[in-house]
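First up is the structure itself, then whatever we jot down about it.
The values are calculated or read from the model by the stated rules, or taken from the named source; none is laboratory data. Please read these numbers as outputs of a predicted model, since none were measured by experiment. For neighbour counting, all protein chains shown are included, and Cβ atoms are generated from backbone atoms with ideal geometry for every residue, glycine included. Areas reflect the complete protein model, heavy atoms only, side chains present, ligands, DNA and RNA absent. Shrake-Rupley method; radii C 1.70, N 1.55, O 1.52, S 1.80 Å.
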Amino acid sequence: MIEKKAKRIEIISNGPYVVTGNVPLAKEISVRDKKGVPVEWEILERYPDQEDYDLCRCGASKNKPFCDGSHHAVDFEGRETASRAPFSQVAERYEGAEFDLLDDEELCAGAQFCHRGEGIWELVDAPNDSNARLMAAEIVGNCPTGRLVVCEKGTGKPIEPHFEKSITVLEDPGRKCSGPLWVKGGIPIQSSDGSEYEVRNRATLCRCGKSSNKPFCDGTHISIRFKDDE
Ligand code: FES
């Protein structure tokens, strides 16, 4: 019997993300409400299943989201600079009446889901309102980066959506740009130095090549108007 490979992502030094284990890959767009605030995701396309594939990390491939070897031609410098400290150690804790909110701003990718309503931080302060907790969990669950985590009062247990292990290529039509890779469901990510990043239910990997917090997205794709088809 052929043993199935585990789902994982390996970062190649100054090269692509090597994805193994038949990880489902799709493209998603953020959908905005009348006020222009993102409220949900919509699947645009599902890519054919592949046991292994390489995803572009430098932003220069002519076959995005896949790597076509362009990182050599552009002399891509992909040094990983992100913190290795566990999220729970570096995140700020905002204590609310109904839930606590953990926030690691370093991971912000500018997805703007947290702007919904009066903003997620207003919900933290809402006194004795159980709807606030539900709304906060929905907003945070839609934030692809894992910057924000809602935790139960008392137990401190994170309230997370269930995701199958998968990757989606993000598009932000509201800002007319392409976004990062959304890694869902706790796929292990191995650094180019062989160590492993903390496994998270939600994480965004840079695919424009310009983040200052590699391998994670820091929102730079917005200011450079990164486009999938260029
Ligand atoms: S994709 Fe967001 S900074 Fe590169």
Relative contact order (percent, whole number), the chain, Cα cutoff 8 Å, 6+ residue spacing: 23 percent
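I'd like to check one number: the per residue accessible area of segment 87-152, probe 1.4 Å, reported in Å² as a whole number.
Heavy-atom SASA per residue in segment 87-152 reads 48 Å².
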Over 23 Å between C-alpha atoms is what I'm after, so list which of LYS62/LYS165; LYS7/LYS64; LYS7/LYS157; LYS35/LYS210; LYS35/LYS214; LYS35/LYS64 land there. LYS62/LYS165; LYS7/LYS157; LYS35/LYS210; LYS35/LYS214; LYS35/LYS64
Going by a ≥ b ≥ c, the root eigenvalues of the Cα gyration tensor, does segment 61-170 fall in the rounded group (a/c under 1.5), the prolate group (a/b larger than b/c) or the oblate group? prolate
Rounded to the nearest Å, the spacing of the alpha-carbon centers of segment 142-172 and segment 62-88 is 23 Å
Of the accessible area of the chain, with the probe set at 1.4 angstrom, what percent is carbon plus sulfur? 47 percent
Cut-off 12 Å between beta-carbons: net charge of the residues surrounding THR220, Lys and Arg +1, Asp and Glu -1: +3
So which trypsin sites (Lys or Arg not before Pro) in segment 1-39 pass both tests, a DSSP loop state and at most 10 other Cβ atoms within 10 Å of the Cβ? LYS4, LYS34, LYS35
May I ask for the net charge around ARG207, where only other residues with Cβ less than 11 Å from the Cβ of ARG207 are counted and Lys, Arg are +1 while Asp, Glu are -1? +3
Karplus-derived HN-Hα couplings along segment 204-219 (A = 6.51, B = -1.76, C = 1.60, θ = phi - 60°), whole Hz, x at Gly and Pro: 10, 9, 5, 10, 8, x, 10, 4, 8, 10, 4, x, 7, 6, 10, x
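Tell me the net charge near LEU107. Cut-off is 10 Å between Cβ atoms, LEU107 excluded, with +1 for each Lys or Arg and -1 for each Asp or Glu.
On the way: positive: ARG147, ARG200, ARG202; negative: ASP103, ASP104, GLU105, GLU106, ASP218.
That works out to -2.
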If you take the square roots of the eigenvalues of the alpha-carbon gyration tensor of segment 87-152 and sort them as a ≥ b ≥ c, do you get rounded (a/c under 1.5), prolate (a/b over b/c) or oblate? oblate
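So what is the relative contact order of segment 133-224, in percent, for Cα pairs below 8 Å that sit 6 or more residues apart?
Values: 149 pairs, mean separation 20.0, N = 92.
Over segment 133-224, the number comes to 22 percent.
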